[in-house]
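Right, one structure below, let's go through it.
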Amino acid sequence: MKAVVYRGPGDVALVARPVPAVGAGQALVRVRACGVCGTDRPIYAGEFPASPVVLGHEYAGEVLAVGEGVTDLTPGDRVAVDPNIACGTCRPCRAGQVHLCESLTALGVN
């Protein structure tokens with residue numbers, strides 16, 4: 001697969017990367033469309049701390065494969081991805097306020 005990787009302030013590169021393995025509870029998505037969001041610009045400029053990361057975390061695509069335990073997706077489904085990953089166990093998550101998760105991480109940022 002190809003990915004645009006941020007390597008440092010003002011330095012991005014299109015690189016070949018291996019296709020990731022699909023683990024339990026996961027889905028592999030082929031990106032068909034990707035946006036550049038307000039977080040990508042400060043990352044690119046070096047104004048937002050980020051280690052080498054694949055940019056473009058707002059995307060939609062097609063499910064290629066699903067891991068064990070995934071029952072709500074099948075290969076061929078078209079999906080839009082929420083890049084935010086909440087822990088599901090902290091107080092805000094348990095209250096249904098996952099946007100306030102105490103351990104929130106985001107694809108393409110963390």
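The values are calculated or read from the model by the stated rules, or taken from the named source; none is laboratory data. None of the values given here were measured: they were computed from a predicted structure. Don't worry about glycine lacking a Cβ; one is built from the backbone with ideal geometry, like all the others, and counts go over all protein chains shown.
Observations, loosely collected:
- Of all residues in the stretch 41-88, those satisfying the criterion of being of a type in the set (Ser, Thr, Tyr) and modelled with pLDDT under 95 are Tyr44, Ser51, Tyr59.
- Verdict on Val70 being out of contact with any Lys or Arg (no Cβ under 8 Å at 6 or more places or on another chain) and either surrounded by 15 or more Cβ atoms within 10 Å (Cβ to Cβ) or touching a residue at least 40 places away in the same chain (Cβ under 8 Å) (or both): yes
- Residues located in the stretch 90-110, provided they are exposed (fewer than 12 other Cβ atoms within 10 Å of the Cβ) and not small (Gly, Ala, Ser): Arg91, Arg94, His99, Glu102
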